[in-house]
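Inspection log for the structure reproduced underneath, given as structure tokens.
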Amino acid sequence: MKNITILLDLDAVIADTPRGFIERWNEMFPEIPHVPYEKLFSLCLEEVYPPEHENKISQVWTSQGLFYGLKPLPGALEAIEE
């Protein structure tokens, strides 16, 4: 059998990226309330946070270890194995 490469989307498909963002936001900016998980309709968080937080959003996305520490969504690992 020929070797194949399978690409998997990580953000909000395999990993709970929104929850990871919120957790990191709370660590980095505890004085600024986060947008509730239920209201995150897009991973383009510039659309849901006030414009004055654009730089902070970027700081969270680029913070070391953010993606490494994301937890899988329910059923994601089982779906990959299947």
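The values are calculated or read from the model by the stated rules, or taken from the named source; none is laboratory data. Everything numeric in this text was worked out from a predicted model, so none of it was measured. Please note: Cβ atoms are built from the backbone with ideal geometry, for glycine as well, and neighbour counts cover all protein chains shown. Side chains are part of the model used for accessible areas, which takes the heavy atoms of the whole protein and leaves out ligands, DNA and RNA. Shrake-Rupley method; radii C 1.70, N 1.55, O 1.52, S 1.80 Å.
Hey, can you grab everything whose amide H is under 5 Å from the amide H of A15? Only 5+ residues off in sequence or another chain; H modelled, so Pro and N-termini drop out.
Those lying under 5 Å, H to H, from A15 are L73.
Within 10 Å, count the other beta carbons around each residue, average over each peptide in 13-19, 69-75, and list them highest first.
Values: 13-19: 17.4, 69-75: 13.0.
Descending mean neighbour count gives 13-19, 69-75.
Do you know the relative contact order of the chain, to the nearest whole percent, from alpha carbon pairs under 8 angstrom that are 6+ apart? Write out the running numbers ahead of the final one.
Values: 55 pairs, mean separation 33.1, N = 82.
About 40 percent, as a whole number.
Go through segment 48-54 residue by residue and turn each phi into a ³J(HN,Hα) via Karplus (6.51, -1.76, 1.60, θ = phi - 60°); whole Hz please, and just put x for glycine and proline.
10, 9, x, x, 5, 9, 4
Choose one of M28, S63, P50: the residue whose Cα lies farthest towards the positive end of the charge dipole of the chain (beta-carbon charges +1 Lys, Arg; -1 Asp, Glu; about the Cα centre).
Of M28, S63, P50, it is S63.
Using θ = phi - 60° and the Karplus curve 6.51 cos²θ - 1.76 cosθ + 1.60, what whole-Hz ³J(HN,Hα) does each residue of segment 67-82 get, with Gly and Pro shown as x?
6, 4, x, 5, 8, x, 6, x, x, 5, 5, 5, 5, 5, 5, 5
Could you work out the Kirkwood radius for the chain, taking every pair of different alpha carbons, averaging 1/r and inverting it, reported in Å?
Values: mean 1/r = 0.0706 Å⁻¹.
Computed over the chain, the radius equals 14.2 Å.
With a cap of 15 neighbouring Cβ atoms within 10 Å, and only residues DSSP puts in a loop, list the chymotrypsin sites (Phe, Trp or Tyr not before Pro) found in segment 1-80. Don't skip to the answer; put the middle values down first.
Numbers: sites: F21, W25, Y37, F41, W61, F67, Y68; in loops: F41, F67, Y68.
Answer in residue order: F41, F67, Y68.
Please enumerate, by chain and number, the lysines with C-alpha under 20 Å from the C-alpha of K71, excluding those fewer than 8 residues away in the same chain.
In chain and number order, the partners are K39.
Just to confirm, what accessible area per residue do you get for the chain at 1.4 Å probe, in whole Å²? Write down the numbers at each step before the final one.
Working: 6200 Å² over 82 residues.
For the chain, the per-residue accessible area is 76 Å².
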